[in-house]
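Quick notes on the structure that follows.
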Amino acid sequence: MSEENVEADISCCASCGSAEVDNIKLTECNDCDLVRYCSVACQRDHIPQHLRDCKVRAAELRDERLFKQPESSHLGDCPICCLPLSLDTKKSMMQACCNKVICNGCHHANDLRIDEGKLQHKCSFCREPTPSTEEDCEKYQRKRIEANDPVAVRQWGREQYDKGEYIRAFEYYTKAAEMGDVDAHYQLAVLYHHGRGVEKDEKKELHHMEEAAIGGHPNARYSLGYIEGNNGKAERAKKHWNIAATQGNDLSIGMLMNIFKGGLVSKDELTAALRAHHAAVDATKSSQREAAEEYMRSSEVS
């Protein structure tokens, strides 16, 4: 389709030719940005002519979203020190009271402040008293679920999954994903892959894996690369692993090193990926976080 035809389709109804004047409002096609329509009837009538171009353009738009480098991982930043959270989940913890994920550095600094001042133990972020029993933790969690906190909903889904209650896990993951939780999309992809709580469905697995990757989930991105590689689409696989490596994902940088040996990645490409990977990892470091790690190591020894 030429640029002139595209301009014409956008400025008037692609079916009847009506221009957007007076009370006539044109609505863009649901799946692409090539055409607009003045009514549902016109859109329905034009489907046979538009369907092929629509599918091609919709796929292009999807890939534009899919292969765009996320600004950060799905974990985001620590809400206290504002540094990126490490992809190693052992280096951060979720607060039971407010469901905020805090880096170990900020948590350790809060513990030191409390111990030195002989203060009551409170959350590093919301300053609510730290729950001391499982009953208190569940009370906070249910409160967050009732408030439609997507993180709490997803976490509750995870608890159901760990109990083997896959159908209930699917329900909570679905609700969390609908509210925008990225990791919930990844967990749904896992359920569809294994057929736990749902029928196995490769299309739905791929959809949720892609949504998670678009949201900045490095493991989802790595998995997509693996899927594309198995399907013989080496260039798409390489793109996925490069994006995930830039986020600091170790598995993806490892895959890039492997395919470099096979000649699928150039030396310059691998060097750039390694530098980006190191930069992403370094961005998660701080003296406060290193102090927390040293404290944990000394505690394990003693």
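The single condition among (1) surrounded by 15 or more Cβ atoms within 10 Å (Cβ to Cβ); (2) within 23 Å of the chain's Cα centre (by Cα); (3) over 28 Å from LYS90 (Cα atoms) that ASN230 does not satisfy is (1). For the stretch 124-137, a residue qualifies if it is open to solvent by 80 Å² or more (accessible area, probe 1.4 Å) and closer than 18 Å to GLN155 by Cα, and the qualifying residues are GLU134, GLU135.
Test ASP111 against the stated conditions and say whether it is in a helix (DSSP H, G or I), open to solvent by less than 50 Å² (accessible area, probe 1.4 Å) and without any contact (Cβ under 8 Å) to a residue 12 or more places away in the chain. Here the answer is yes, as ASP111 does meet what is asked. Selection of first residues in the stretch 280-296 that are more than 26 Å from ALA244 (Cβ to Cβ) and of second residues that are part of a loop (DSSP other than H, G, I, E, B) and of a type in the set (A, V, I, L, M, F, W, C), restricted to Cβ pairs under 7 Å at least 6 apart or on distinct chains, gives the following pairs, ordered by first then second residue: GLN288/CYS81.
Look at the stretch 174-212 and say how many of its residues are open to solvent by less than 30 Å² (accessible area, probe 1.4 Å) and of a type in the set (Asp, Glu). Selection size over the stretch 174-212: 4. Of all residues assigned to the stretch 264-271, at least one qualifies as being out of contact with any Pro (no Cβ under 9 Å at 6 or more places or on another chain), aliphatic (A, V, I, L, M) and not in a helix (DSSP H, G or I).
Does the stretch 3-41 hold any residues that are modelled with pLDDT of 90 or more, hydrophobic (A, V, I, L, M, F, W, C) and closer than 18 Å to LYS55 by Cα, and which are they? Hits for the stretch 3-41 are ALA14, CYS29, CYS32, LEU34, VAL35. Scanning the stretch 129-173 for residues that are of a type outside the set (Asp, Glu) and outside any helix (DSSP H, G or I) gives PRO129, THR130, PRO131, SER132, THR133, ALA147, ASN148, LYS163, GLY164. Flag: LYS68 does not match the condition of being within 28 Å of HIS240 (Cα to Cα), open to solvent by 80 Å² or more (accessible area, probe 1.4 Å) and in a helix (DSSP H, G or I).
Among the residues making up the stretch 144-169, those that are open to solvent by less than 50 Å² (accessible area, probe 1.4 Å) and either in contact with a helix residue (DSSP H, G or I) (Cβ under 8 Å, 6 or more places away or on another chain) or charged (D, E, K, R) (or both) are ILE145, ASP149, PRO150, VAL151, ALA152, VAL153, ARG154, TRP156, GLY157, GLN160, TYR161, ALA169.
The values are calculated or read from the model by the stated rules, or taken from the named source; none is laboratory data. This structure is a prediction, so every number in the text was calculated from the model and none was measured. Reconstructed Cβ throughout: ideal geometry from the backbone, glycine too, with neighbour counts over all protein chains shown. All accessible areas refer to the heavy atoms of the entire protein, side chains included, with ligands and DNA or RNA removed. Shrake-Rupley method; radii C 1.70, N 1.55, O 1.52, S 1.80 Å.
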